[in-house]
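Trainee: One structure, as structure tokens, below. Some questions next.
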Amino acid sequence: MQFFTQIAAFAAAAATLASANSLTFVNQDDTTRTIVFTPNAGLQKLDDVTIQGNDQVKVDIPIGWIGNAYSVSEGAQDVPGMLAEVTFQGWDDKTYFDVSAIVNGNDKDGVKQMYPATQVNSLVKELVSGCTNFPCNTAYYQPDEIQTVSTDEVDLVVTLGNSASDLAAREAEPKLVARHYVLGKLSA
């Protein structure tokens with residue numbers, strides 16, 4: 001009996017090690033999306049995942065996995081958009097990640113940001129790639145740009161869609177006034 005208990009414990013530990021990494025996708029609006037994973041050559045293909053609007057899903061990722069993920073909104077064609085790129089257990093056993101706009105910089109509704117899960121409640125993210133509104137200076141636009149973030153953490157968050165709190169000032173329909181009012185000249 002003790003032998004079977006030890007084997008069961010070993011199997012559980014091995015299963016945990018085989019998927020010790022994760023990506024938690026947080027859908028910030030009411031659009032249902034499918035997450036499509038693309039591994040680097042020779043690595044395991046991961047199944048697509050569907051996430052309902054205003055929901056989240058955690059996906060276990062194999063040890064040493066390198067690849068990317070993008071989202072496809074319900075009813076839209078499967079065209080890669082902003083990419084959530086990641087390398088788990090890369091050089092120096094670190095996790096490397098970035099949001100890439102190289103493939104389709106016009107995607108404004110898919111992948112937005114990536115950051116370590118420990119920063120999910122932080123108002124200011126220290127290790128973040130991507131934007132709430134594109135374009136920004138924390139996404140990857142050109143090959144060999146220095147935008148890849150590294151961390152010792154193996155659990156990352158990927159935000160999707162447009163949160164109501166992410167609206168830029170111009171998207172919030174501000175009251176616009178003529179320049180002469182700004183300068184204190186009340187007549188034209």
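Trainee: Hey, what's the Cα Rg ratio for the stretch 19-163 versus the globular rule of thumb, 2.2 N^0.38 Å?
Mentor: Against the empirical 2.2 N^0.38 Å value, I get 0.95 for the stretch 19-163.
Trainee: Quick one: if you take sqrt(5λ) for each eigenvalue of the C-alpha gyration tensor of the stretch 83-125, what semi-axes come out, biggest first, whole angstrom?
Mentor: Its equivalent ellipsoid spans semi-axes of 21, 17, 6 Å.
Trainee: Related question: What are the residues whose amide H is under 5 Å from the amide H of residue 24, where those residues sit 5 or more places off or on another chain and H is modelled from the backbone?
Mentor: Residues meeting the criterion, in which the H sits 1.01 Å from N, are 59, 156, 157, 158.
Trainee: Provide the solvent-accessible area of residue 165, counting protein heavy atoms only and rolling a 1.4 Å probe, rounded to the nearest 10 Å².
Mentor: 100 Å²
Trainee: Going by average Cβ density within 10 Å per residue, which order do the peptides 52-59, 67-74 take, highest to lowest?
Mentor: Ranking the peptides 52-59, 67-74 by packing returns 67-74, 52-59.
Trainee: Can you list the residues, at least 5 places off or on another chain, whose amide H is less than 5 Å from the amide H of residue 136, using H built in the peptide plane?
Mentor: Counting only residues 5 or more places away or on other chains, the set is empty.
Trainee: Remind me, relative contact order of the stretch 38-141 in percent, using alpha carbon pairs under 8 angstrom and six or more residues apart?
Mentor: Across the stretch 38-141, relative contact order equals 19 percent.
Trainee: Using a 1.4 angstrom probe on the protein heavy atoms only, line up 91, 65 by accessible area, largest first.
Mentor: 91, 65
Trainee: While we're here: Let me check against my output: what whole-number percent is the relative contact order of the stretch 26-68, with C-alpha pairs under 8 Å and at least 6 apart?
Mentor: It comes to 47 percent, rounded to a whole number.
Trainee: Also, I was wondering about something else. Measuring from a point 7 Å past the Cα of residue 153 along Cα-to-C-beta, which residues in the stretch 79-121 have an amide N at less than 11 Å?
Mentor: Within reach of a label on residue 153: 114-121.
Trainee: Same structure again: Could you work out how far apart the two model spin labels at residue 47 and residue 164 are, taking each label as a point 7 Å from the Cα in the direction of the beta carbon, and quote it in nm?
Mentor: Once both label points are built, they end up 3.4 nm from each other.
The values are calculated or read from the model by the stated rules, or taken from the named source; none is laboratory data. Quantities reported herein were computed from a predicted structural model and do not represent experimental measurements. Here the Cβ is made from the backbone with ideal geometry for all residues, glycine too, and neighbour counts use every protein chain on show. Each accessible area value is taken on the protein alone, full model and side chains, heavy atoms only, with ligands, DNA and RNA left out. Shrake-Rupley method; radii C 1.70, N 1.55, O 1.52, S 1.80 Å.
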